[in-house]
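The values are calculated or read from the model by the stated rules, or taken from the named source; none is laboratory data. Just so you know, these numbers come straight off a predicted model, no measurement behind them. Reconstructed Cβ throughout: ideal geometry from the backbone, glycine too, with neighbour counts over all protein chains shown. SASA here: full protein model, heavy atoms, side chains in, ligands and nucleic acids out. Shrake-Rupley method; radii C 1.70, N 1.55, O 1.52, S 1.80 Å.
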Amino acid sequence: MTFKPAQLLLALIAVIAAPAFAQNLAVVNGKPIPTSRVDAIVKQVVAQGQGEDSPQMRDMIKKQLIEREVLMQEAIKQGYDKKPEVKLALDNARQAIVVSQLARDYITKNPVTDAEIKAEYDRFAKTQAAEKEYHVRHILLATEDEAKAVIAKLKGGAKFEELAKQSKDTGSANNGGDLDWASPAAFPPEFAAGFTKLQKGGVTETPVKTGAGYHVIKVDDTRAVKVPAMEEIKPQIAESLTQTKLAAYQEEMVKKAKVQ
């Protein structure tokens with residue numbers, strides 16, 4: 001395509017002028033709102049899986065940013081930015097943002113390695129392999145005497161599932177007191193201590209007291225803990241190691257600081 005002189009001039013003006021217009025989303029009472037602010041919000045929304053980049057989304061964000069800028073200008077006009085509590089909140093927010101960026105940069109320069117993830121997984125797998133899961137049922141009673149009465153009935157041949165209907169735990173009462181498979185760590189310590197010594201099919205000889213009341217517990221079965229494949233939990237391990245690195249970095253910085 002051949003440009004005529006007038007067309008070429010218009011094209012050059014458009015190329016030069018476009019960035020100037022593109023850099024601002026809008027101008028509110030003389031104060032510009034940069035387009036980059038919309039881009040950043042859209043990027044965040046998309047990254048969090050809360051929506052897709054679209055003209056409709058950008059229009060909505062634009063509207064919200066304009067409304068916020070109008071309110072911000074009015075707040076400043078009324079002196080809210082001078083209030084001590086507002087200044088304190090702004091200082092705290094600024095500190096949080098700056099520290100967060102420091103942490104991100106530190107992890108970028110000191111990333112968790114695959115070797116570290118593998119070592120942590122091996123340690124986790126070894127620990128898990130030595131543990132057991134229990135399939136337990138329970139009947140929760142208000143008093144110790146009520147719990148002892150239930151134990152006596154079980155010894156007399158009554159079915160656990162039937163007696164469980166009187167349990168105060170309404171969530172499991174109609175399901176035979178079933179609490180499904182879980183590791184002892186998932187329960188309060190005193191509750192776990194009440195069943196970890198039982199064999200398959202065993203029932204507690206004495207009521208187990210917790211903050212909720214008195215429990216009669218039965219172990220339906222036990223099994224070795226299934227250790228998930230490393231790839232299944234790799235993101236969680238990486239996140240945990242990242243937090244550990246950040247905690248160590250923070251502790252190192254605090255030690256170097258002169259605190260009076």
**Message:** Given the criterion over 30 Å from V227 (Cβ atoms), out of contact with any helix residue (DSSP H, G or I) (no Cβ under 6 Å at 6 or more places or on another chain) and either β-branched (V, I, T) or modelled with pLDDT of 95 or more (or both), identify the matching residue among K165, K87.
**Reply:** K87
**Message:** I'd like to know if the range 49-61 contains one or more residues that are under 24 Å from P235 (Cβ atoms) and surrounded by 10 or more Cβ atoms within 10 Å (Cβ to Cβ).
**Reply:** yes
**Request:** Please give the number of the condition R137 fails out of (1) of a type in the set (K, R); (2) free of Cβ contacts under 8 Å to residues at least 12 places away in the same chain; (3) closer than 21 Å to T206 by Cβ.
**Result:** (2)
**Message:** So P111 passes all but one of these: (1) of a type outside the set (G, A, S); (2) touching a residue at least 12 places away in the same chain (Cβ under 8 Å); (3) not in a helix (DSSP H, G or I). Which condition number does it fail?
**Reply:** (2)
**Prompt:** How many residues does the range 212-228 contain that are out of contact with any His (no Cβ under 9 Å at 6 or more places or on another chain) and open to solvent by 50 Å² or more (accessible area, probe 1.4 Å)?
**Reply:** 3
**Prompt:** Filtering the range 100-139 down to residues that are basic (K, R) and open to solvent by 60 Å² or more (accessible area, probe 1.4 Å), which residue is farthest from L179 (Cα to Cα)?
**Reply:** K109
**Prompt:** Of the residues that make up the range 195-212, is at least one touching a Pro at 6+ places or on another chain (Cβ under 9 Å), assigned to a helix (DSSP H, G or I) and either among the aliphatic types (A, V, I, L, M) or more than 10 Å from I139 (Cα to Cα) (or both)?
**Reply:** yes
**Request:** Output the number of the condition that E251 fails; it satisfies all remaining conditions of (1) closer than 25 Å to P184 by Cβ; (2) assigned to a helix (DSSP H, G or I).
**Result:** (1)
**Asked** Just wondering, is there one or more residues in the range 215-222 that are modelled with pLDDT of 95 or more, outside any strand (DSSP E or B) and of a type in the set (D, E)?
**Response** no
**Message:** Anything in the range 234-248 that is open to solvent by 30 Å² or more (accessible area, probe 1.4 Å) and either of a type in the set (S, T, N, Q) or touching a helix residue (DSSP H, G or I) at 6+ places or on another chain (Cβ under 9 Å) (or both)? List them, or say none.
**Reply:** K234, Q236, S240, L241, Q243, T244, K245, L246
**Complete:** Every listed condition ((1) touching a strand residue (DSSP E or B) at 6+ places or on another chain (Cβ under 9 Å); (2) open to solvent by less than 70 Å² (accessible area, probe 1.4 Å)) holds for K209 save (2)
**Asked** Could you give every pair whose Cβ atoms fall below 9 Å, whose first residue belongs to the range 157-170 and is more than 17 Å from Y214 (Cβ to Cβ), and whose second residue is among the aromatic types (F, W, Y) and open to solvent by less than 40 Å² (accessible area, probe 1.4 Å), counting only separations of at least 6 or pairs across chains?
**Response** none
**Message:** Checking the conditions here, which among E85, E69 is open to solvent by 70 Å² or more (accessible area, probe 1.4 Å) and more than 29 Å from the chain's Cα centre (by Cα)?
**Reply:** E85
**Fill in**
When restricted to A164, A185, the only residue open to solvent by 70 Å² or more (accessible area, probe 1.4 Å), among the small types (G, A, S), assigned to a helix (DSSP H, G or I) and under 24 Å from K132 (Cβ atoms) is A185
**Asked** Scanning the range 33-62 for residues that are part of a helix (DSSP H, G or I) and of a type in the set (G, A, S), which turns out farthest from Q23 (Cα to Cα)?
**Response** A47
**Request:** Using the structure shown, decide if A11 is open to solvent by less than 70 Å² (accessible area, probe 1.4 Å) and either of a type in the set (F, W, Y) or modelled with pLDDT of 90 or more (or both).
**Result:** no
